[in-house]
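Peer 1: Structure below; questions to follow.
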Amino acid sequence: MVATLTKAPRRAATRPRVPTKAGARASTLGGIRGRSKASRLGAFVLGTIWLVFVLAPIYYMVLISFRSPAQYLTANAWLPTGGLTLSSYSSVFDSSGIGTYFRNSAELAVGTIIVVVLLSLAAGYRIVRRGSRFSAVSFRVILFGIAIPIQAIVIPLYFMTNKMHIYDTMFGLILVLAASLIPVAVLLMVNYLRLIPRQLYDAMAVDGAGPWGIFTHLVIPMARPVMAVISVYSGLGAWNNFLLPLILTQSNSNTVLPLGMYKFASSDQYALNVPVVMATVVLSVLPLLFLYLGLRRQFVKGIGGFALR
Amino acid sequence: MVASSAVLNRNPAVRTPSAKTAARRRAFFTDLVGMSPTLALYGAFIIVPTVFAVFLSFTHWNVDGPIKWAGFANWSRFFSDPVSYHSLLVTLELAGFSWLAQTPVAMALGIFIAGTQRYRAVYATLYLLPLLLSTAGLSLMWEDVLFPQYGGLAWLGRHLHMAFLSRTWLGSPNLALYTIVVIIAWQFVPFHTLIFQAGRRAIPAELYDAASVDGASVRQSFWHVTLPQLRYSIVTSSTLVLVGSLTYFDIIYILTQGGPGDSTRVLAMDMYNVGFNQTEFGYASAIATVLGVIGIVLAVLLVRLSGFGSMEGTQEGIW
């Protein structure tokens, strides 16, 4: 007992800046202290092996993207010897299409984020306020959607978007993608808004604020952090989704990046030009990489949203 | 009960029955306004297609013609069709191997990056990189790493005289499924690592202190403290691995299209072929319904096994 007490502050002081809740932080990592050197070394070795496995293909891709087609065939595959060039990147920019794919993906991501954030805000607010049974029942129905795999409903989606004349449009793709992300977004929103103390609502109501006033002056400002997380969740979902664009779009002018890269890589022109394909993939990751480095916490939480999918 | 007390609390002055109904009606109206856009979008593009998919599984339909009622024809075909049966087997194999490949590794790594050393935080950041790549992007990347003649692995095999590296990883029926399992693990282990990291961080230090007071070794405290305490993380992560791989489609579509032969043709791939290539949408819908049922059953199991509110629990862990 005494030992625990005296050691607690030291433990707190040596803890790295990790993004966890304060409560969790206070109660962690007791066992590490007792670990032997050998097991720590073992952890280091195994952790490093996995790191190599994670990084090796990425490194390979980046390296190859700086080769010319001729160098790709002859130069060292893993070391940057034998000359590097930016020619693949300039071919990517010269080729038609890739710019369109980028624009479409950005449009899709922004549109999806806006729809998902706004809808989950409005719905989450009503669910948390529990005004009537209607919102409680709706919440259950929406949660059920988490269990439905999107693969199971692509055939009806294909026909419905055709009938509604939104097949092969960015608008239709945004609607369907947003709908598929809504259940998790609402759940994230509800769990966060539940943390707002009831007294704040009551105080505003006493001051004469109606539901709309409370929504704009209390809920939206308080919900900013979870809005960021939902934006990351839906933005990632939109930027990287392959299946829905494959099923719901067709023309080249509505092709998004993941599908575009696939088309690009299987086209006659580039099927054998591996460096150009790799350069395209590298370029497609760059926006996310910058966002990840800038917003690491929101990213980790946003990715957590996929745990529920 | 809860609803009415909420109404009362909000405005204590309201007492008369008619004023109460008026307040309730107002609350209902506000809920309607707030919920409708979400319900409309979700209903139109998730609920309606779900019902439609089940309905289509009882019909014959090839787009051009009318929808014809088929009774249980598609279903009896599904259960007697060797092609679908094989797809079901491949799907289960993929799920089983994915579980074996992902869950233990993710648990070990999650515990590892929950540790205090600074370098582990750096590792944790790098471990997440695969989650930034789109499935299409990482498939193309792996395709070239594994490319038989000029790929990175083949190059190593040639230059380090390790012939076993230069194989047709995706082109041989015996290897393709395992290769896909490894690529899927590369993509998703980082994500499951997060679940276990959060789970490990939530274990109270007192439990380890108590164990070490009792003289427990590192191994013993793993078996008797860490593992039992991580049970919800294990259930959550395992279920997600299983649901994810039972309905898996993207990487297989891009890398093998279900081949070589039918060695990687999972149910989702089968459904895509039957529907969008052979335009037998009735039968494809039966396969899709099987996928849907698998997803729903596993999700319900997840909720049951990890207790009510596990959905929140999962999320809280990551929060």
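Read the figures in this text as sums done on the coordinates, not as results from a lab. What you see is a predicted model, and the numbers here were worked out from it, not measured in a lab. All Cβ positions, glycine included, derive from the backbone under ideal geometry; neighbour counts span all protein chains shown.
Peer 1: Among B:70, B:299, B:27, determine the one that fluctuates most according to a GNM of chain B built with springs between C-alpha atoms less than 10 Å apart.
Peer 2: B:27
Peer 1: What distance in nm lies between label points placed 7 Å from Cα along the C-beta direction at residue B:220 and residue B:22?
Peer 2: With each label point 7 Å from Cα toward Cβ, the separation is 7.2 nm.
Peer 1: If we count every other residue with Cβ under 13 angstrom of residue A:61's Cβ, Lys/Arg +1 and Asp/Glu -1, where does the sum land?
Peer 2: With Lys, Arg at +1 and Asp, Glu at -1, the neighbours total -1.
Peer 1: Still on this structure, I have one more. Over the Cα atoms of chain B, what Rg and Dmax result, in angstrom?
Peer 2: Cα radius of gyration and Dmax of chain B are 25.6, 89 Å respectively.
Peer 1: Still on this model: Grab the DSSP H runs of chain A that are 4 residues or longer, score each as -39,500 (n - 2.57), total them, divide by all residues and round the 222 nm result to the nearest 500 deg cm²/dmol.
Peer 2: Rounded to the nearest 500, it is -22000 deg cm²/dmol.
Peer 1: Work out from phi, with θ = phi - 60° and the Karplus expression 6.51 cos²θ - 1.76 cosθ + 1.60, the ³J(HN,Hα) of each residue of segment A:194-203, listed in order in whole Hz, and give x for Gly and Pro.
Peer 2: 4, 6, 6, x, 4, 4, 5, 4, 4, 4
Peer 1: If the cut-off is a Cα-Cα distance under 17 Å, which aspartates and glutamates reach residue A:301, setting aside same-chain residues fewer than 8 apart in sequence?
Peer 2: Straight-line reach from residue A:301, under 17 Å: B:312, B:316.
Peer 1: OK, next. Could the peptides B:101-111, B:131-141 be put in order, highest first, of the mean number of other beta-carbon atoms found within 10 Å of their residues?
Peer 2: B:131-141, B:101-111
Peer 1: Taking the Cβ of each residue in A:61, B:162 as the centre, tally the other Cβ atoms inside 10 Å and list the residues starting with the fewest.
Peer 2: Ascending Cβ contact count within 10 Å gives the list B:162, A:61.
Peer 1: Based on Cβ point charges of +1 for Lys and Arg and -1 for Asp and Glu, what charge dipole magnitude is obtained for chain A about its Cα centre, in debye rounded to the nearest 20?
Peer 2: 1960
Peer 1: If each Cα of segment A:35-95 is one equal point scatterer, what is log10 of I(q)/I(0) from the Debye formula at q = 0.12, 0.23, 0.26, 0.29 Å⁻¹?
Peer 2: Debye curve over Cα of segment A:35-95, log10 I(q)/I(0) at q = 0.12, 0.23, 0.26, 0.29 Å⁻¹: -0.46, -0.90, -1.01, -1.11.
Peer 1: Taking amide H atoms as placed 1.01 Å from N in the peptide plane, list the residues 5 or more away in sequence, or in a different chain, whose amide H sits under 5 Å from that of residue B:60.
Peer 2: When sequence neighbours closer than 5 places are left aside, the close amide H contacts are B:68, B:69, B:70.
Peer 1: Provide the per-residue ³J(HN,Hα) series for segment A:224-238, in order, calculated from phi with Karplus coefficients 6.51, -1.76, 1.60 and θ = phi - 60°, each as a whole number of Hz, with x at glycine and proline positions.
Peer 2: In residue order, the calculated couplings are 3, x, 6, 5, 5, 5, 5, 4, 5, 4, 6, x, 4, x, 6 Hz.
Peer 1: Report the Cα-based extents of the protein assembly as shown along its three principal axes, largest first, to the nearest Å.
Peer 2: For the protein assembly as shown, the Cα spread along each principal axis is 86, 78, 51 Å.
Peer 1: Return the tail of the calculated pair distribution for segment A:76-152, meaning the percent of Cα-Cα pairs more than 16 Å apart.
Peer 2: Everything past 16 Å amounts to 73 percent.
Peer 1: Still on this model: I want to verify the translational diffusion coefficient of segment B:203-267 in µm²/s; compute it with Stokes-Einstein, Rh as the Kirkwood radius over Cα pairs, at 20 °C and 1.002 mPa s.
Peer 2: So the translational diffusion coefficient is about 143 µm²/s.
Peer 1: Across peptide A:45-55, how many C-beta atoms of other chains are within 10 Å of each residue C-beta, on average?
Peer 2: Taking all residues of A:45-55 together, the mean is 5.
Peer 1: Determine the sum of side-chain charges near residue A:155: Lys and Arg each +1, Asp and Glu each -1, restricted to other residues whose C-beta is under 15 angstrom from that of residue A:155.
Peer 2: -1
Peer 1: Through the Karplus equation 6.51 cos²θ - 1.76 cosθ + 1.60, θ set to phi - 60°, convert the phi angles of segment B:49-65 into ³J(HN,Hα) values in whole Hz; use x for Gly and Pro.
Peer 2: Ordered by residue, 3J(HN,Hα) equals x, 5, 5, 4, 5, 5, 4, 4, 5, 9, 10, 9, 7, 10, 6, 5, x Hz.
Peer 1: When the convex hull of the C-alpha atoms of chain A is computed, what volume per residue in Å³ does it have?
Peer 2: 205
Peer 1: Which of A:144, A:53, A:93 moves most in a GNM of chain A, Cα contacts under 10 Å?
Peer 2: Maximum among the listed residues: A:53.
Peer 1: Right, here's the next one. Would you compute, from DSSP H runs of 4+ residues alone, the mean residue ellipticity of chain B at 222 nm, taking -39500 (n - 2.57) per run and dividing by the full residue count, rounded to the nearest 500?
Peer 2: So the calculated ellipticity at 222 nm is -21500 deg cm²/dmol.
Peer 1: Pick from A:243, A:84, A:46 the residue whose mean-square fluctuation is largest in a GNM of chain A, springs joining Cα atoms under 10 Å.
Peer 2: Result: A:46 has the largest fluctuation of those listed.
Peer 1: Still on this structure, please answer the following. If each residue's Cβ is checked for other Cβ atoms within 10 Å, how do A:45, B:235, A:219 rank with the fewest at the top?
Peer 2: Ordered by Cβ neighbours within 10 Å, fewest first: A:45, B:235, A:219.
Peer 1: Here's a follow-up. What number comes out for the charge environment of residue B:266, summing +1 per Lys or Arg and -1 per Asp or Glu over other residues with Cβ under 14 Å away?
Peer 2: Cβ neighbours under 14 Å give a net charge of -3.
Peer 1: On to the next question. Charges only on Cβ, +1 for Lys and Arg, -1 for Asp and Glu: so what's the dipole of the protein assembly as shown about the Cα centre, in debye to the nearest 20?
Peer 2: The calculated dipole for the protein assembly as shown is roughly 2740 debye.
Peer 1: Here's another thing I want to ask about it. Give or take rounding to whole Å, what are the principal axis extents of the alpha carbon atoms in segment A:126-180, in descending order?
Peer 2: Dimensions of segment A:126-180 along the principal axes of its Cα atoms: 39, 21, 15 Å.
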